[in-house]
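Visitor: This is the structure I have questions about; it appears just below.
The values are calculated or read from the model by the stated rules, or taken from the named source; none is laboratory data. These figures come from a predicted structure and were not determined experimentally. Positions of Cβ are generated from backbone atoms using ideal geometry, with glycine treated the same way; all protein chains shown enter the neighbour counts. Areas reflect the complete protein model, heavy atoms only, side chains present, ligands, DNA and RNA absent. Shrake-Rupley method; radii C 1.70, N 1.55, O 1.52, S 1.80 Å.
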Amino acid sequence: MDASDIRSYPARITRLGELALDLSWSWNQRAREVFRRLDYTLWRTTAHNPCRMLRLAPQERLEEVARDSRFLELYDDALANLDRVRRASGSWWCGRASMPPGSVIAYFSAEFGVHQSLPIYAGGLGVLAGDHCKEACDLGIPLVGIGFLYPMGYFHQRVNADGWQVEAYERLRTEDVAVQRAICPGGKLCYVEVPMAFSSVRVAIWRVSIGCVTLLLLDTDVEENTPWDRELSARLYVSEHEARVRQEIVLGIGGVRALQSLGYKPAVWHLNEGHAAFVIFERIRQKTEQGHSLTDALREVRASTVFTTHTPVPAGHDAFNFNLVDHLLSGYWQSAGDRRNTLLALAGYDDGGGRLFNMTALALRGAGAVNAVSRQHREVTWKMFSPIWCGSADEPPLQAITNGIHIPTWIAPALSQLFDHHLGPDWIDHQDEVEFWDRVLLIPDEDIWKAHQALKQHLLAFIRERARERWTNEKVNSCQVVAAGPLLDLSVPTICFARRFTSYKRPNLIFHDLKRITRLLTDSRRPIQIIFAGKAHPADDPGKRALQQVYLHALDLGLAGRVAFVDDYDLHVAHFLVQGSDIWLNNPLKPLEACGTSGMKAAINGVPHLSAADGWWPEAYNGKNGWMIDSDPSGGDAAEAECIYRLLEEQIIPAYYEMGEDGVPRRWVAVVKESIRTVAPRFSARRMLKDYATRFYCPIATRSSLLLPS
Ligand SMILES: *Cc1c(COP(=O)(O)O)cnc(C)c1O
């Protein structure tokens, strides 16, 4: 879709389509106001999708706003900002690395969570990749993301009256989304061919603009392909092995070819998780074709590849039968035949179940710079993959770069305004300065409390409207309406548990002692309430059963409507939850949470974290900025649940209900401020990107520019 294709605009606002087609609008307050002011009803009913809004907005309305001086002021500001963001001149990155023109940092990821209107993400990994791109844009880092356009997206979730998750797929309408077909330097639509078994798959390339960052999305739904190949990139994370390998071959090999056919010359190749590790095969193949020896090619590839590993859960590391991969690469070997054994050997790994083709092993061997996503995760990863490093004389090249979140995306506007006032209007430029955030202590308690109450009200209204919709449009029964949360109470401390439903995250741990939690939920003087949200992977039956158990509690009359399940968790729902709850609960089975990021989003919004000592939390917890679930590991689930109850009974509930004369709970607000003060600077995507840039991107890019003939 071309910007002008959405429709035609009145002369004064011809660039409105351009603004909608660059997703940097999503964290620019002025741009958001442009669309909100254009048509508030459409803004809400499209779940903030400007491309769709512009297709639906009546022509008279466009004529009207083209004469509205307040609108035009916002519009001019938003476009000036867009131009500035695209130029990236004077940015942090400028002059930091000497990269030849056209050279970029290629960032491969199987999912990207940039905005809810582009549903090509499933969860934490994708949202992190989206935040990575946004922050790269803010810092002026010339990054090009490579992923998939999944035309069937990730599923929409409903829960039936028995509590069983029902999945519904909705076909993406590219005309309603900020994607455009990528055009090759010669002016033609961009396609690449990827060898697959004895034939090949044709891949179309789409482009997404995020300020100075570009995202390239591969799409196999092309007429010339067989029906089976057209489906190849339809959905995220198919569980069937052959389809999965096919996807990963397209991402890795097709991704390299897509970048090249569009004229990009990556200086750094960053693999976000192992799904894209076939990049290593393709780059080695190309280098040997150009005359390098295999050893030199591997050395060169390693020197310019960064790999980030994201999970200590064994099932999270893709491993396939050698025969399967070998077969699917049959055509590929025609041009890389004599390198076949060496290439295959790079991926061989036995994690206890026999030697398999392991994508993580391939990435670890093919990348010269490797990082885990928290300090603790680094220790776990080291142990997990020690066979790969053992025998090497050097220190394993494994670093820890703790994840961070894109603050402009996640901060509530009401808090952002408070920061403007008390921290200074340029606070966003200081977001990763630890001491700067001491200024949070200057914000009057009542202001922060009032702002949070408004956000909580906003969340409860959102939940109530969803419940109403399910009741009126989807004809769910009345118990299901209650389970959706309309009885939630503004004055009651609200715990939120929102994340993927999977066994190691233990969604129903808090119900371990049902009598005890029931007493806390239904206390007549000082009750609590809990909101759950999250999807289970369609093939994860234990995850679905955990979801069902939680849902049955939400249906339980004995819990008096104080447990709610909000369905179809996505970026949109996540915004309401991290900004409007009171306590963010995280109780994974240690040490399986590599990092976790939703707790960071909550913490910077003054929603303190109640978490196990897993992932990022041991790095952040200081005894005053939230609570740590810490019990004797031999005690198992019971001991940890006990610890949660005691924290609630002895610390959290008393502090929340201890109101001063002015109706402000001082002790509570102190935790809220401490949470913002300590988490914002150290767990921002700004800190994270600067870590990646200074430790990896700059040294690698500088080195590669020295090798190039000038
Ligand atoms: C942040 C986020 C996640 C990741 O949350 P974790 O705490 O890391 O599990 C998943 N889904 C959505 C929609 C998010 O915004």
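A quick yes/no check of all residues on (1) open to solvent by less than 50 Å² (accessible area, probe 1.4 Å); (2) modelled with pLDDT of 95 or more; (3) assigned to a helix (DSSP H, G or I):
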residue: GLU640; (1), (2), (3): yes, yes, yes
residue: GLU649; (1), (2), (3): no, yes, yes
residue: VAL671; (1), (2), (3): yes, yes, yes
residue: ALA701; (1), (2), (3): yes, no, yes
residue: LEU706; (1), (2), (3): no, no, yes
residue: SER710; (1), (2), (3): no, no, no
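Visitor: Would you list the helices (runs of 4 or more DSSP H) that sit entirely within region 340-445 and hold 3 or more residues that are within 30 Å of HIS458 (Cα to Cα)?
Guide: The helices (runs of 4 or more DSSP H) meeting that bar are 407-410, 413-422.
So that you can scan it fast, the table gives a plain yes or no per residue for (1) open to solvent by less than 10 Å² (accessible area, probe 1.4 Å); (2) part of a loop (DSSP other than H, G, I, E, B); (3) touching a strand residue (DSSP E or B) at 6+ places or on another chain (Cβ under 8 Å):
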{"site": "ILE120", "(1), (2), (3)": "yes, yes, yes"}
{"site": "LEU125", "(1), (2), (3)": "no, no, yes"}
{"site": "VAL144", "(1), (2), (3)": "yes, no, yes"}
{"site": "MET152", "(1), (2), (3)": "no, yes, no"}
{"site": "ARG158", "(1), (2), (3)": "no, no, yes"}
{"site": "GLU175", "(1), (2), (3)": "no, no, no"}
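Visitor: Any residue in region 99-109 that is crowded, with 19+ Cβ neighbours inside 10 Å, assigned by TED's automatic domain parsing to the domain that holds ILE205 and within 16 Å of the ligand (Cβ to nearest atom)?
Guide: Yes: region 99-109 contains one or more residues that are crowded, with 19+ Cβ neighbours inside 10 Å, assigned by TED's automatic domain parsing to the domain that holds ILE205 and within 16 Å of the ligand (Cβ to nearest atom).
Visitor: Can you name the residue in region 581-628 that is outside any loop (DSSP other than H, G, I, E, B) and open to solvent by 10 Å² or more (accessible area, probe 1.4 Å) and is also nearest to the ligand (Cβ to nearest atom) among such residues?
Guide: So, considering only residues that are outside any loop (DSSP other than H, G, I, E, B) and open to solvent by 10 Å² or more (accessible area, probe 1.4 Å), the one nearest to the ligand (Cβ to nearest atom) is SER598.
Visitor: Let me ask something else. Considering every residue within region 573-580, establish whether at least one is in the same structural domain as ARG468 (by TED's automatic domain parsing), modelled with pLDDT of 95 or more, away from the ligand (no atom under 12 Å from the Cβ) and not in a helix (DSSP H, G or I).
Guide: The answer is no; no qualifying residue exists.
Visitor: Residue check, LEU23 against (1) surrounded by fewer than 21 Cβ atoms within 10 Å (Cβ to Cβ); (2) at pLDDT 95 or above; (3) out of contact with any Phe, Trp or Tyr (no Cβ under 7 Å at 6 or more places or on another chain); (4) not polar (S, T, N, Q), all met but one. Which one?
Guide: Against the list (1) surrounded by fewer than 21 Cβ atoms within 10 Å (Cβ to Cβ); (2) at pLDDT 95 or above; (3) out of contact with any Phe, Trp or Tyr (no Cβ under 7 Å at 6 or more places or on another chain); (4) not polar (S, T, N, Q), LEU23 comes up short only on (1).
Visitor: Next question. Restricting region 514-537 to residues that are part of a loop (DSSP other than H, G, I, E, B) and within 16 Å of the ligand (Cβ to nearest atom), which is modelled with the lowest pLDDT?
Guide: Only one residue fits best here, namely HIS537.
Visitor: With TYR169, TYR154 as the choices, which residue is in contact with a helix residue (DSSP H, G or I) (Cβ under 9 Å, 6 or more places away or on another chain) and of a type in the set (Ser, Thr, Tyr)?
Guide: Answer to the selection: TYR154.
Visitor: Now, a different point. Hey, among ASP77, ASP131, ASP138, ASP83, which residue is touching a Ser or Thr at 6+ places or on another chain (Cβ under 9 Å), open to solvent by 20 Å² or more (accessible area, probe 1.4 Å) and either away from the ligand (no atom under 16 Å from the Cβ) or assigned to a helix (DSSP H, G or I) (or both)?
Guide: ASP138
Visitor: When both residues are 6+ apart or on different chains and their Cβ atoms are under 9 Å apart, which pairs have a first residue that lies in region 122-139 and is over 24 Å from ARG84 (Cα atoms), and a second that is within 11 Å of the ligand (Cβ to nearest atom) and among the aromatic types (Phe, Trp, Tyr)?
Guide: The qualifying pairs are ALA122/TYR154; GLY123/TYR154; GLY123/TYR569; GLY126/TYR154; VAL127/TYR121.
Visitor: Give the residue that is farthest from TYR551 (Cα to Cα), with candidates limited to residues of region 464-513 that are among the small types (Gly, Ala, Ser), touching a residue at least 60 places away in the same chain (Cβ under 8 Å) and away from the ligand (no atom under 16 Å from the Cβ).
Guide: Across region 464-513, the extreme among qualifying residues is GLY485.
Visitor: Could you check, for region 476-484, whether at least one of its residues is among the aliphatic types (A, V, I, L, M) and in contact with a strand residue (DSSP E or B) (Cβ under 6 Å, 6 or more places away or on another chain)?
Guide: yes
Visitor: Can I ask one more? What is the residue count in region 519-562 for residues that are of a type in the set (A, V, I, L, M), within 29 Å of PRO654 (Cα to Cα) and open to solvent by 10 Å² or more (accessible area, probe 1.4 Å)?
Guide: 5
Visitor: With respect to LEU364, is the statement that it is in contact with a helix residue (DSSP H, G or I) (Cβ under 6 Å, 6 or more places away or on another chain), assigned by TED's automatic domain parsing to the domain that holds GLU240, buried (at least 23 other Cβ atoms within 10 Å of the Cβ) and closer than 22 Å to SER304 by Cα true?
Guide: Considered against the rule, which asks whether it is in contact with a helix residue (DSSP H, G or I) (Cβ under 6 Å, 6 or more places away or on another chain), assigned by TED's automatic domain parsing to the domain that holds GLU240, buried (at least 23 other Cβ atoms within 10 Å of the Cβ) and closer than 22 Å to SER304 by Cα, LEU364 comes out as yes.
Visitor: Another question, if that's okay. Of the numbered conditions (1) open to solvent by 40 Å² or more (accessible area, probe 1.4 Å); (2) touching a helix residue (DSSP H, G or I) at 6+ places or on another chain (Cβ under 8 Å), GLN116 satisfies every one except a single condition; which is it?
Guide: (1)
Visitor: For residues in region 427-458 being within 15 Å of ALA680 (Cβ to Cβ) and among the charged types (D, E, K, R), which is nearest to the chain's Cα centre (by Cα)?
Guide: Among those residues, the one meeting the criterion is ASP432.
Visitor: Also, quick follow-up: How about region 448-488: which of its residues are open to solvent by less than 30 Å² (accessible area, probe 1.4 Å), under 29 Å from VAL671 (Cβ atoms) and part of a helix (DSSP H, G or I)?
Guide: ILE448, TRP449, ALA451, HIS452, LEU455, LYS456, LEU459, LEU460, ILE463
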